[in-house]
Every structure is written in structure tokens, then in C-alpha cells.
Amino acid sequence: MTNSIDRRDLLRSALALGGIASLGTLLQPALPALAQGETVVPFTDVPDSFQPGPMGRDMLSLDTREIRSFLTANEEFFVVQHYGQPEGIDRDRHRLEIRGLVDEPTDYRLADLRSRHRFEQVVAFECGGNSPRLFYGLVGNARWGGVRLRDLLEASRPKSSATEVVFFGADRGQEEIRRTEVEQSFARSLALGDALRSEVMIADTMNGEPLPHAHGAPFRLIVPGHYGVAQVKWLSRIELWDRRFMGRFMARDYVTLRPHRSDNESRWLESSVSRIRLTSVIVRVSEQAGMHQVFGLALTDGTALEAIEIQVDGGSWQRATLDEQATQYSWKLFTWSWPTPSPGEHTLVSRAIDANGSVQPVAADLEGKVTRWENNAQFARTVRVG
Ligand SMILES: Nc1nc2c(c(=O)[nH]1)N[C@H]1C(S)=C(S)[C@@H](COP(=O)(O)O)O[C@H]1N2
Ligand SMILES: [Mo]
């Protein structure tokens, strides 16, 4: 499998789908210029001092105003990790170990994965901490290639007592737990039933290129429809257990605390950040020959998106057009033609509605949520039309 073939396949599928991505720019690190005569209507909610891109070595955010293609280039895909990026991982020698409650403990190297049955899928995810602060820049949409986790798990023959699958990264950090200093790997888990879902993959390519180091080379877990924290990078060990895993990133951090009201009763609930909550955000407004276009993106947990609606200055909700390149687990891009806005400042907001009739919440619905995770509230943007 060579990169040039992957690139060509990518271009061909983009062509076949007749999408909005302009071909020459599909995987370019530099963003293309605007269409001739197209100008961006500036957001007035973005301070001049706002600087997306790398923030130290452990974070990179996407400039959502500049999204111009269906797939996010590898160099622009956001980066988050908690214990730094591990050094000294040899792409070809790094091993994935499958252990615990299995009859056949097995090790895999990159070449072993390359020789197994492979597939590709487009999957978008955002960090569970994505928010207005970075204008929702902790998000990306890529075509991942690799093997089904299920195939590897079945080859190791899980014992009937196994209920939990724990995924360990090669990166380690110091934690103080119950007044004890311990060294831990980044780790997350899935219930065995979830781990066996056919879309869960171990990916070693990203947009047809070998997985970059910042994104977990040589291979990472991809759990479509889940927040970023589930997508374990630098995957090195999988263990099957007969009890729940309660590591930091499952049970202490990335835990949402919110009040829940039902039957006149209110109680506090804690839940582990897992499936993506229905969300959408407007990322750009542009003007060309007097026509105004509003552009944005939406994410679901894989549930079909029913509609995106746009509201201007508190008026009636209008239906946006969904980009036809969208797949079940990709992000969903949308556009809306804004008829003749008057000069001056305007407020625009989008809301996503899924096939179950769920509507993206407003900030008031999330009132009382103590932790910052899972902020999927409708996000009003302001622009000045000149
Ligand atoms: N090994 C490892 N995997 C990890 C993390 C980490 O710290 N270590 N961070 C997680 C979090 S919180 C996010 S949001 C995603 C980000 O993936 P990306 O950097 O490829 O965008 O990786 C996840 N996988
Ligand atoms: Mo994250």
C-alpha cells in the first residue's frame, strides 16, 4: 500500500461524491485561498489576540474559521495528550499485546496488522473539553485505516468471564491516588460488547498516510461516535478483565457532574465521558457578490442527523443544507444562504436535531453542570455585516 495510491483513492472518492472539497486542497497542509471575490465576514466574538494552532507541545487546536475541506489535513488535526508524547517508540518494532482473560495471548507488530484484513472509514471526534474558548477547535475529521478490533479479540479467544476491555497507551505519568504516588499509563476501557462492535478499529493510517507520531503512531484505537478521550493513542496493551476499570480517565477525570431532574426529584449524576453528545457550531460567514453564506459543522454519536437549523437575531429557525459527503461517523458540514442581511452586527446560532428527535440543548439546559466536559450547548456567534 503506497501513499500515492491512497491519495488517488481519496481524490476519487471525493470526486464520486461530488462534494464541496476542492480537489487540489484535499490534504494540503496550507489552507487554500478564498474563492475569487469571496470575503470572510468577520466574527466579532473572536478577539484579535486569538491564536489557534500549537499551544505548547501537548495541544494544537484547529482554526475552525478556516475549515475548507471535508477531511482535516493531518498537520491541522487537533492534538491533546495528558502525559506528553512518548519518545523512543519504534514504528516497526512497537508491539501491541493482548492479555488477561483470553485463551491465546497474542502480540502484534505493525507488519502483522498490515497483513490482516483491513478497512478504512471516515471518523470525526472532538475532545470532551471542546468549548467556545477555542471556538470548538479541538475537533477533526479524518479517514482512518486499519483492522477491526473484533478480529484481534476473537483471535485471542476471550474467556467467558471477560466483560471489560482495557486499552493502555505507551505514555506514562505520575499520579497521586489516595495519598500514594504511582506511575500510570494513559488508559481507557470499553465494555466487551462495545469493543466487539464492527466499527471499532485499530488504526495505523490517517488520510492515507502512516499515522503521525502526535496522533499515536504506530497505531491507536478508534471508537467511532465517542469523544476523543476514548481514542487511545500509542496503543501498547489490551487486557480483558472481569471487573470495571476505574482509571483516572474513566472514573476521575473526564467525568461529567450534572443535576438530573425527573419526577419532581433532582439528583446529582456523574458519568464517564463516552458517546458524543449531539452538537453543532457555526464556523464561518462569507460574502460573495452580495450573497451571504453561513457554514458550520455538526457531530453525532452515529445517530442519523435529521436537520441543522439556523436562527438569526432571535427570528424563526431556518433549515440549512447538509453536505452530502457526510457518513455515519464523519462530521456533518452544513451551509445556509443568508438572504440580504442588513448592515450592522447580527447574532447567528445553529442547532442540530437528530433522527430520534433530540435537539441540541441551549446553555440553560446545561445549567448546573459543574464540570466543563461535554459542553454541547448551542453557541451564538456574532458577525458584523459591512
Ligand atoms: N495514549 C494516549 N491517548 C490519548 C490521550 C492521551 O493523553 N494519551 N488523550 C486522549 C484525548 S483526551 C483526546 S481528546 C484525544 C486526542 O486525539 P488527537 O491528539 O489525535 O486529536 O486523544 C486521546 N488519546
Ligand atoms: Mo480530550
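Annotations
- Among residues of the stretch 136-161, those that are in a strand (DSSP E or B) and within 14 Å of ligand 2 (Cβ to nearest atom), counted: 2
- Residue tally, condition closer than 21 Å to G146 by Cβ and either without any contact (Cβ under 8 Å) to a residue 24 or more places away in the chain or open to solvent by 20 Å² or more (accessible area, probe 1.4 Å) (or both), over the stretch 169-184: 1
- Residues (among the aliphatic types (A, V, I, L, M) and either in a strand (DSSP E or B) or within 15 Å of ligand 1 (Cβ to nearest atom) (or both)) located in the stretch 162-190: V165, V166, A170, I177, V182, A187, L190
- Per the conditions (1) more than 15 Å from ligand 2 (Cβ to nearest atom); (2) open to solvent by less than 20 Å² (accessible area, probe 1.4 Å), the sole criterion not satisfied by G84 is (1).
- Checking each residue in the stretch 136-161 for being open to solvent by less than 10 Å² (accessible area, probe 1.4 Å) and either small (G, A, S) or away from ligand 1 (no atom under 14 Å from the Cβ) (or both) picks out G137, G140, A142, G145, G146, V147, L149, L152, L153, S156.
- Screening the candidates A363, A380 for the property of being within 21 Å of Y227 (Cβ to Cβ) and either free of Cβ contacts under 8 Å to residues at least 60 places away in the same chain or not polar (S, T, N, Q) (or both) yields one hit, A363.
- Residues of the stretch 59-69 satisfying the condition of being surrounded by fewer than 18 Cβ atoms within 10 Å (Cβ to Cβ) and in a strand (DSSP E or B): M59
- Every residue from the stretch 111-135 that is within 16 Å of ligand 2 (Cβ to nearest atom) and crowded, with 18+ Cβ neighbours inside 10 Å: V123, A124, F125, E126, C127, G128, G129, N130, S131, L134
- Of the listed requirements (1) more than 16 Å from G140 (Cβ to Cβ); (2) among the aliphatic types (A, V, I, L, M); (3) outside any helix (DSSP H, G or I), M250 misses just one: (3).
- Within the stretch 248-285, the set of residues being open to solvent by 80 Å² or more (accessible area, probe 1.4 Å) and among the aromatic types (F, W, Y) comprises just one member, W268.
- Any hit, the stretch 355-377, residues being touching a helix residue (DSSP H, G or I) at 6+ places or on another chain (Cβ under 6 Å) and either within 19 Å of S271 (Cβ to Cβ) or surrounded by fewer than 16 Cβ atoms within 10 Å (Cβ to Cβ) (or both): yes
- Residue that is surrounded by the fewest Cβ atoms within 10 Å (Cβ to Cβ) [pool: residues in the stretch 202-245 that are of a type in the set (G, A, S) and within 14 Å of ligand 2 (Cβ to nearest atom)]: A214
- Of all residues in the stretch 96-107, one or more are within 16 Å of ligand 1 (Cβ to nearest atom), surrounded by 13 or more Cβ atoms within 10 Å (Cβ to Cβ), closer than 26 Å to E199 by Cβ and of a type outside the set (D, E, K, R).
- Test for T72: is it part of a strand (DSSP E or B), in contact with a strand residue (DSSP E or B) (Cβ under 9 Å, 6 or more places away or on another chain), open to solvent by less than 80 Å² (accessible area, probe 1.4 Å) and over 16 Å from R237 (Cα atoms): no
- Inter-residue pairs, beta-carbon under 6 Å, first over 9 Å from V273 (Cα atoms) and more than 10 Å from ligand 1 (Cβ to nearest atom) and in the stretch 218-229, second open to solvent by 10 Å² or more (accessible area, probe 1.4 Å) and of a type in the set (F, W, Y), 6+ apart: P224/Y329; G225/Y329
- Flag if W317 is within 19 Å of G128 (Cα to Cα) and either touching a helix residue (DSSP H, G or I) at 6+ places or on another chain (Cβ under 6 Å) or of a type outside the set (K, R) (or both): no
- One residue stands out among those in the stretch 108-135 that are within 19 Å of G208 (Cα to Cα) and within 16 Å of ligand 1 (Cβ to nearest atom): the one that is nearest to the chain's Cα centre (by Cα), which is F125.
The values are calculated or read from the model by the stated rules, or taken from the named source; none is laboratory data. The structure presented is a predicted model; accordingly, all values stated were derived computationally and were not measured. Backbone-built Cβ (ideal geometry, glycine too); neighbour counts: all protein chains shown. With ligands, DNA and RNA removed, areas are computed over all heavy atoms of the protein, side chains included. Shrake-Rupley method; radii C 1.70, N 1.55, O 1.52, S 1.80 Å.
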